[in-house]
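Read-outs: derived from the displayed coordinates by stated rules, not from any lab. Keep in mind that this is a model prediction, so the values were computed, not measured. Using ideal geometry, Cβ is built from the backbone for each residue, glycine included, and neighbour counts are taken over all protein chains shown.
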Ligand SMILES: *Cc1c(COP(=O)(O)O)cnc(C)c1O
């Protein structure tokens, strides 16, 4: 037994499934997870001294690469001033000013501690602002684990949503309606069947939690128009896409302005941070100025703000950052597409900029139903091959690959060689 295996055995005794978040257990690829000791650049190092080229990047936050010097130094300095005060600090002001400066259309922002909290709060605010109860979400989009968003896929179309987890009362999902990603018509029908009842439509502008599924041309604009026409708020869940596709996230990349936006992941630079923001008239409904209650003992924590600020300032101040990163993504995922096409294997490569997925599916993946047709046993086999060869991919067919500024051309070339070897042997 290697040390990771020993740790996993011990972990399972006192932590459910041995992990603090389910996907880390490697359940869908059927092997023991690696325990990670440290990370630097585009590499992570496990408890057994092996290192891997990392395509998870902590599920997105490490867009600059691991252990970035400026971020690490800023955090170390901040820690010396104390860890938390439970009182207002200048860093929160700087963070709010920076977000409003770099994300057009956001006039006010509230900091929270996770993406889940950001989305849960934004939904409450949308309901409080519109005085309506129903919400629309898309099958296959993930918005954290709050009760009203844990809805079984496909269950809510024209009917009431069914909980997708034990412990969620049906009462919590009754008002959650499900729509089909990339199908604006399915949303139009829900508005037709529920006139003046829908508070908001929430969407991942690029879906990245069923593998990466790109929005079809015009889809996001149709959602914008439908929400405006029906008095509902459009919420972009930019927990993954925020500060990744462009400095202004997916809204900048696709030039669509939602009413509310949620952030997480990159905004904390690796610390537990989330945020939600939007127009002043909406955000001023939040307590203490408005009647929508939302609070947090550690919200806006000074060390977490320091990490997030250091990352966002670096992103803002690095010339051509997004041009370079997105071009790297276009080259890398474009090359994977050519490799699988040349090998003639049933695989689809979806990507936008530095986010991408390889689906072992015969048909294009455009929504949850087509994503679910992927061969997950094949993915598990591919995952193991890559891991054995020093490449750390998402341990599930339905998670994204994340590129960072720290991925070197040599490491990407090595990854492509391994993918070529794998698919040629398929
Ligand atoms: C990760 C994620 C969340 C949840 O964020 P946590 O910080 O894990 O609570 C919400 N929405 C999207 C789109 C995500 O990818």
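With the simple model of a label 7 Å out from the Cα in the direction of the Cβ, residue 424 to residue 313 spans 4.8 nm. Computed packing ranks the peptides 32-42, 84-94, 195-205 as 195-205, 32-42, 84-94, most packed first, by mean other Cβ atoms within 10 Å. Most simply put, segment 69-317 has about 40% antiparallel DSSP beta bridges, counting only bridges with both residues inside it. For segment 69-317, averaging the sequence separation of C-alpha pairs within contact (under 8 Å, six or more residues apart) and dividing by the residue count gives a relative contact order of 28 percent. Here the alpha carbons of segment 117-196 define both size measures, Rg and Dmax, at 11.9, 32 Å. With r defined as the distance between the Cβ atoms of residue 416 and residue 375 and R0 fixed at 22 Å, what FRET efficiency is calculated, to the nearest 0.05? That gives a FRET efficiency of 0.55. Summary value for segment 102-153: 35 percent relative contact order, contacts being C-alpha pairs under 8 angstrom separated by 6+ residues. Using a simple spin-label model with pseudo-atoms 7 Å out from Cα toward Cβ, residue 297 and residue 170 lie 3.6 nm apart. Remark: relative contact order (the chain) = 21 percent; criterion is Cα-Cα distance under 8 angstrom and separation of 6 or more residues. What the pair-distance distribution of segment 355-426 shows, using all Cα-Cα distances binned every 5 Å from zero, is 3, 15, 25, 26, 18, 10, 3, 0 percent.
Neighbour counting of Cβ atoms within 10 Å sorts the residues 173, 130, fewest neighbours leading, into 130, 173.
With Cα atoms as the point set, the radius of gyration and Dmax of the chain evaluate to 21.2, 62 Å. Dividing the summed helix terms, -39500 (n - 2.57) for each DSSP H run of n ≥ 4, by the number of residues in the chain produces a 222 nm estimate of -11500 deg cm²/dmol to the nearest 500. Between the alpha-carbon centres of segment 203-267 and segment 83-106 there is a gap of 22 Å.
When both bridge partners sit in the chain, DSSP labels roughly 60% of those beta bridges antiparallel. Note on residue 77 and residue 160: the extension gain reaches 24.8 nm, defined as 0.36 nm multiplied by sequence separation minus the Cα-Cα distance. According to a simple spin-label model (label point 7 Å from Cα along Cα-to-Cβ), what is the distance in nm between residue 341 and residue 196? Output for this residue pair reads 5.2 nm. Sorted fewest first by neighbouring Cβ atoms within 10 angstrom, 8, 359 come out as 8, 359.
Kirkwood radius, segment 69-317, all distinct C-alpha pairs, inverse of mean reciprocal distance: 18.3 Å.
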